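Taking it in order: structure first as structure tokens, then the write-up.
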Amino acid sequence: RFTRSMEEISGQRQFMDEITTLLINSPILQDESVKTTFSDYDLAHLFDLYQSGLTWSGRNGDAVKICQYVIATITLNNMQAAN
């Protein structure tokens, strides 16, 4: 929610990637037993916020790599999550 709120404030958008990097690299998401408690949709959404932040930071190539990672590694069961 915090990161999504940052998207609404134009001066904060470029920092979205920093917040999501902290979340992705946190012990919670690095522990596979904990990570499996998150749905694929939630993980895809987190990475979507990450790639949006990278785009706002002008790091388009890195954003594309994140999208490719999501497509390759996360099983998405509905069109909304795949989008």
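The values are calculated or read from the model by the stated rules, or taken from the named source; none is laboratory data. The structure displayed is predicted, hence computed values, not measured ones. Here the Cβ is made from the backbone with ideal geometry for all residues, glycine too, and neighbour counts use every protein chain on show. Accessible surface areas use protein heavy atoms only, side chains included; no ligands, DNA or RNA. Shrake-Rupley method; radii C 1.70, N 1.55, O 1.52, S 1.80 Å.
What the table below lists for this structure:
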{"read-out": "The chain, accessible surface, carbon-and-sulfur percent (1.4 angstrom probe)", "value": "56"}
{"read-out": "Net length gained if the chain between VAL64 and GLN14 were fully extended (0.36 nm per residue, minus Cα distance)", "value": "16.4 nm"}
{"read-out": "Within the chain, helix-based [θ] at 222 nm, where runs of 4 or more DSSP H residues each add -39,500 (n - 2.57), nearest 500", "value": "-19000 deg cm²/dmol"}
{"read-out": "Crossing angle, helix 40-56 versus the chain [Cα axis fit, 0-90 degrees, rounded to tens]", "value": "20"}
{"read-out": "Segments 11-17, 24-30 sorted - mean Cβ within 10 Å per residue, highest first", "value": "11-17, 24-30"}
{"read-out": "Backbone HN-Hα couplings from phi across the stretch 67-74 [Karplus 6.51/-1.76/1.60, Hz, Gly and Pro as x]", "value": "4, 5, 4, 4, 4, 7, 10, 10"}
